[in-house]
Amino acid sequence: MKITEIINGKRPSLSFEVFPPKTWDAYESVKNATERIAELSPSYMSVTYGAGGSTAGYTLSIAENLQKKFGVTSLAHLTCVSSSKEDIKARLQEMKNSGIVNVLALRGDIPDGFDKEKLEYRYAAELIEDIKEFGGFCIGGACYPESHPESPTSFDDIKYLAEKVRCGCEFLTTQMFFDNNILYNFMYRIREAGINVPVVAGIMPVTNPKQIKRICRISGAALPQRFCRIVDRYGSDIPAMRQAGIAYATEQVIDLYANGINAVHIYSMNDPDVAAAIKRNVSAIVK
Ligand code: FAD
């Protein structure tokens, strides 16, 4: 099933992101964790793609397993920045052969010291064009309510986002954010810029204070005072922080649904217990 059919449905959607193992030794345990999440019957599941395609085979086999064994629609991430056009064609053919019809088309982070002149892909829009030409995929892309860290201004970021949609991106998934008002402002601005594709809100339940610094460095997400108080108070108490992080994320999800954001994607970090807790907390809402 296409992701757009799921997220355009009347029922609110709740989906989960998982990541593949980096090495074969971890494959079974990661696969088991993703299967426990699939047992929660999410609307769909996405599987990330390691930098530079380092996990390409695992991304595909995890995505394929979820779809074939559990009937859960899979969204396979694909980055292009370190790939050639030929590599990308080969990956798309592998996806097609595995029955994957949904792809999140990403640029990926440019590795340090890379000669940008030699890149065959510079931006996700170019990948989106190639996937569209290849045919047969429902194509998603990333968006950044607090702007992509490389963007000089949020105006530029939205201008290039519109370009991505013009190239064939059919839905967008947001970077994580911890203040829903940031998303509501972003929605207003993108709609005003003529971007009318569905937007899936990405929510990260922070259950471990060690995650926080890394998250902020990578995503540029601002941490609201209310969230910082929780971390200050419970950060050193692991079970308490876990409970508080899940409660905070649940509140965000309910507020999003209540304000008309019908599709929420949980960055579940391969943690089936966190995924189950969020699902349970909104079970009467997404029923
Ligand atoms: P783009 O859309 O190409 O944007 C990158 C930057 O270039 C932005 O600042 C944009 O404004 C700017 N830009 C775009 N077009 C132009 C242009 N024509 N001229 C000048 N500037 C332009 N990374 C992974 O490695 N694996 C994953 O699985 C993965 N999953 C992700 C899922 C989500 C939902 C999100 C939000 C991010 C994910 N990432 C992943 C991270 C992502 O690869 C990085 O954020 C990357 O730096 C940008 O990717 P993009 O597809 O958003 O790039």
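Here are some notes:
- Condition met for ASP109 (within 24 Å of ALA263 (Cα to Cα) and either within 8 Å of the ligand (Cβ to nearest atom) or of a type in the set (S, T, N, Q) (or both)): no
- Selection status of ALA240, within 16 Å of the ligand (Cβ to nearest atom) and more than 20 Å from GLU17 (Cβ to Cβ): no
- Of the residues making up the stretch 1-57, those that are of a type in the set (Phe, Trp, Tyr) and closer than 20 Å to MET95 by Cβ are PHE16, PHE19, TYR27, TYR44, TYR49.
- Restricting attention to the stretch 63-82, the residues that are at pLDDT 95 or above, in contact with a Gly (Cβ under 7 Å, 6 or more places away or on another chain) and within 23 Å of LEU161 (Cβ to Cβ) add up to 3.
- The helices (runs of 4 or more DSSP H) found wholly in the stretch 169-287 and carrying at least 3 residues that are without any contact (Cβ under 8 Å) to a residue 24 or more places away in the chain and surrounded by fewer than 19 Cβ atoms within 10 Å (Cβ to Cβ) occupy 180-192, 209-219, 225-234, 238-258.
- Residue match in the stretch 136-152 (condition: part of a helix (DSSP H, G or I), within 8 Å of the ligand (Cβ to nearest atom) and free of Cβ contacts under 8 Å to residues at least 40 places away in the same chain): no
- Taking the criterion of being away from the ligand (no atom under 16 Å from the Cβ) and aliphatic (A, V, I, L, M), the residues of the stretch 183-235 that qualify are VAL206, ILE212, LEU223, ILE230, VAL231.
- The set of residues in the stretch 163-175 being near the ligand (Cβ under 8 Å from one of its atoms) and over 19 Å from ILE6 (Cβ atoms) consists of GLU163, LYS164, GLN175.
- Residue within the stretch 207-229 that is touching a helix residue (DSSP H, G or I) at 6+ places or on another chain (Cβ under 9 Å), at negative phi and at pLDDT 95 or above present: no
The values are calculated or read from the model by the stated rules, or taken from the named source; none is laboratory data. Remember, predicted model here, so these are calculated numbers, not experimental data. So basically every Cβ, Gly included, is an ideal-geometry build from the backbone, and we count neighbours across all protein chains shown.
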